[in-house]
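All remarks here apply to the structure that follows.
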Amino acid sequence: MNTRNWYYEQAGQQKGPVSEATLRGLLADEVIPPSTLVWREGMANWQPAAEVLEAPLAANIKPPPLPLKEPVKPAIHGIKKTPVILVVIFTVITAGIYCPCWFLTRRASLNSLKAREKLGNGVFIFAIVVFSVSLLLSFISGGLEGLGEAHNDMEFIAMSKGVDAVAGMISLVAGIPLLVQCFKVRRMLREHFTEHLGRHVPFSGVALFFFQIFYLQYKINQL
């Protein structure tokens, strides 16, 4: 009886032939786990050692190739790619309301990145409400200015300027948190691509400060 008739898989490589005693020793010493695939003559396929080790020995015949493993494909980010010019147009025609919407529509994809920080949604909903109020105040300001010019009434014009100033101030209140979120997204992208994928993705802090989501979208389009 040939004692060197067991083959086993380790780290994706075929090992053996070895005797049953050797194979048992490897299992006992925890060099290989009981789930290790093994094969001997008479077996149709590779099976876990724990299931077939008690089977009788047979002649030492070369085993079939190890079952192929599917190659691990690199993760591809699912962050929405949009032409920057469209982001600019949407932001202008919505009077800034599109800015928090940009984050919300990409929030799930950004949060799926391997990064410690995650995006919430409270700050973006708040920004949508504030920008909507600011837009409403801008319409009111325009109406008051039109009335003032139509009736040559400086009081209406003064009220228009006051309402317009308030609209600008509350827009600033929403704009600052969004700027903070832009830098948060930059940190998330850096951590995912640099630390986990080993891919250096440079980000300009100055460009991000001035162009915010437009610059983020530009960088995302390049990834």
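Key figures for this structure:
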| read-out | value |
| --- | --- |
| Gaussian network model of the chain, Cα within-10 Å springs - most flexible of 177, 64, 83 | 64 |
| Stokes-Einstein translational diffusion, the chain - Kirkwood Rh over all Cα pairs, 1.306 mPa s, 10 °C, in µm²/s | 69 |
| Gain in span if fully extended, residue 126 to residue 147, counting 0.36 nm per residue against the direct Cα distance | 4.4 nm |
| Within a Gaussian network of the chain (alpha carbon springs, distance under 10 Å), most fluctuating of 117, 149, 51 | 51 |
| Per-residue [θ]222 nm for the chain (sum of -39500 (n - 2.57) over DSSP H runs n ≥ 4, rounded to 500) | -18000 deg cm²/dmol |
| Pairs of Cα atoms farther than 19 Å apart, the range 105-196, % | 55 |
| Summed side-chain charge close to residue 222 - residues other than residue 222 whose Cβ falls under 12 Å, Lys, Arg +1, Asp, Glu -1 | +3 |
| For a label point 7 Å along the Cα-to-beta-carbon line of residue 85, residues of the range 203-222 with backbone N under 20 Å | 211-222 |
| FRET efficiency for residue 176 and residue 154, using Cβ-Cβ distance with R0 set to 41 Å, rounded to 0.05 | 0.75 |
| Alpha-carbon centroid distance for the pair the range 156-204 / the range 80-114, whole angstrom | 12 |
| Long-range amide H partners of residue 38 with built H, under 5 Å | 47, 49 |
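Only the coordinates and a few stated rules stand behind these numbers; no lab work does. Predicted model, so just to flag it, every value in this text is computed and none were measured. Cβ atoms come from the backbone with ideal geometry, glycine included; neighbour counts cover every protein chain shown.
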